[in-house]
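Read through the structure below, which is laid out as structure tokens, and then see the notes.
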Amino acid sequence: MSAQNPSAIRIVIIAPVDGLDQEWITNLQSDPGVHVQARVGVLQRGIETVQHLQPNVLLIDRTIEEIEETIQAVYATAPDTLCVAVLPQQDMPSVRRLVSAGARDILIKPLQQRELLASIRQVVQMEDARRSRIGQPSILAKYEQRASSSKVIVVMGPKGGVGSTTVATNLAVALRRVSGREVALADFSLQFGDVAVLLNLWSKHTLHDLAVHYTTLDEGLLDRVLVPHESGIKALLAPTEPELTADMSGKQVTAIVEALRNKFSYVVIDCWSFMDEITETLMASADQVLLVTTPEVPALKNTKQALEYFTRHGVQRDRVSLVLNRFPSVKGVTLKDIQQHLRHPIQANLPSDGPAVTYAANKGVPVLLSHPQSWVAQSFLKLAAWVAGDKVQTISYEAPGASRLVEQKQAETKTVRWRLGRRPSH
Ligand SMILES: Nc1ncnc2c1ncn2[C@@H]1O[C@H](COP(=O)(O)OP(=O)(O)OP(=O)(O)O)[C@@H](O)[C@H]1O
Ligand SMILES: [Mg+2]
């Protein structure tokens, strides 16, 4: 696969939101000589993604003004990235404008695969030749030194049914999309794990096999047990028989998580709602804990209790981030009340989208793939970009293009505030 070819040219593509699946983009992704790290439809996010991933080449298909603005931003934040612009038609004034802005090549649609690859290779070769003259290494060599860090992200819902598995699954797929790196999704919701159904996967090998061989875990065993998904992620499925993991120990959990950490750039872990040795071990291994909650009193009450539990058990607060699922909600608790109650930053909100999420769950396809343009899918991409290190503002109240805040429709009642607060002692 191109992602594993160390000499592949790393590319980020910025295109219009409705043009992310153009034929030339899809064709490019299948070429082993290039590695499309991310396709981004939102301009600002695209610039941030380039800043974070520092690709060799940025291919940008937007309006002339947007291309100009992007090239300037990229020069400042990703100076080694070479920009290639894509224009809808031959237009000399636009070409001259982009050349003086710093575009390395300008291609005119419709794009032929051969012409596109030749352009990409040529701009890289020319830059490498320039670097070699001044004694600098190839731009392709530079990346190998930076790609090694890995991150374990534990997703947990302190109340059942708040969306932990939906978040973990889509986050894993989104991380693969925005980073282009190797991503594992591990189902530590051991007794009734849902990752297999949400991704429509089956295997006779599960987490149980790793637990049994936890003292001798190696890459070969991981390769046999983890199941590849069409999105490019690999899934470690929960056992199909609940009793199989009844006595799993913290030692086994640690060994499995560390083996995954050694092989993957991102390890996303879905876990169940209660605090036991398994959850505690996962929390201790995590670089980041995403606590999923919904704007309803019972879920918020449990979230507060979970945060307090973390404090008592040494899970540093700065490793814990709140994800508000199914928000905004017309009858739900307001953001202001939630913030006052939890006193912990809310990193992201994911809107409720019953038709898309239910369809996706029933088909066994992540909503990010079944409804890529939906608000909920876009929110997952934003969350993933943040997890991957982008400084993105992930909390948002409205669908892209919507004109008013849904939150304004919420009823702020005293009753909700009282129910969230501590009960009077008398
Ligand atoms: N943003 C959303 N919009 C609409 N429906 C959602 C959303 N998130 C989750 N759901 C739905 O809520 C239900 C519970 O989701 P999910 O299984 O992900 O939760 P969970 O916290 O993992 O539950 P469990 O405690 O059973 O493990 C599912 O039917 C799912 O389709
Ligand atoms: Mg679940």
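Each reported figure results from applying straightforward, stated rules to the coordinates on display, with no laboratory input. Keep in mind that this is a model prediction, so the values were computed, not measured. Cβ sites come from the backbone with ideal geometry, for glycine too, and all protein chains shown count toward neighbours.
Between amide H atoms placed 1.01 Å from N, distances below 5 Å from residue 108 occur with 87, all of them 5 or more places distant or on a separate chain.
Per-peptide packing, taken as the mean over residues of other Cβ atoms within 10 Å, places 303-316, 360-373 in the sequence 360-373, 303-316 from highest down. Placing a label point 7 Å from the Cα of residue 330 along the Cα-to-Cβ direction, the residues of the range 355-384 whose backbone N falls under 17 Å of that point are 355-356. Taking amide H positions as modeled 1.01 Å from N, with prolines and chain starts lacking one, the residues under 5 Å from residue 268 and 5 or more places away or on another chain are 153, 184, 185, 186. With r defined as the distance between the Cβ atoms of residue 205 and residue 140 and R0 fixed at 30 Å, what FRET efficiency is calculated, to the nearest 0.05? Using R0 = 30 Å, I get an efficiency of 0.25. Shape summary of the range 151-420, radius of gyration then Dmax from alpha carbon positions: 18.1, 58 Å. Could you tell me the distance between the Cα centroids of the range 85-101 and the range 146-217, to the nearest Å? One Cα centre to the other: 45 Å. Could you size up the charge dipole of the chain around its Cα centre, putting +1 on the beta carbon of Lys and Arg and -1 on that of Asp and Glu, and report it in debye to the nearest 20? I would put it at about 1140 debye.
Between residue 339 and residue 23, the modelled labels are 4.9 nm apart [label points 7 Å from Cα along Cα→Cβ].
Shape call for the range 90-201 from the C-alpha gyration tensor, a ≥ b ≥ c root eigenvalues: rounded (a/c under 1.5), prolate (a/b greater than b/c) or oblate? It is prolate, given that a/c is not under 1.5 and a/b is the larger ratio.
Per residue, the convex hull spanned by the Cα atoms of the range 311-383 measures out at 124 cubic angstrom. Roughly speaking, what is the centre-to-centre gap between the range 16-56 and the range 247-325 when only Cα atoms are used, to the nearest Å? For the range 16-56 versus the range 247-325, the Cα centre distance is 32 Å. Over the chain, DSSP H runs of length four or greater, each weighted -39,500 (n - 2.57), average out per residue to a 222 nm ellipticity of -12500 deg cm²/dmol. Using only the C-alpha atoms, the convex hull of the range 2-144 corresponds to 101 Å³ per residue.
Principal semi-axes of the equivalent ellipsoid, √(5λ) from the alpha carbon gyration tensor of the range 205-334, are 30, 17, 14 Å from largest down. Could you sort out which of 304/382; 204/363; 159/204; 151/251; 159/263; 301/363 sit more than 28 Å apart by Cα distance in this structure? Violating the 28 Å limit, Cα to Cα: 159/204; 159/263; 301/363. Per-peptide packing, taken as the mean over residues of other Cβ atoms within 10 Å, places 247-255, 86-94 in the sequence 247-255, 86-94 from highest down.
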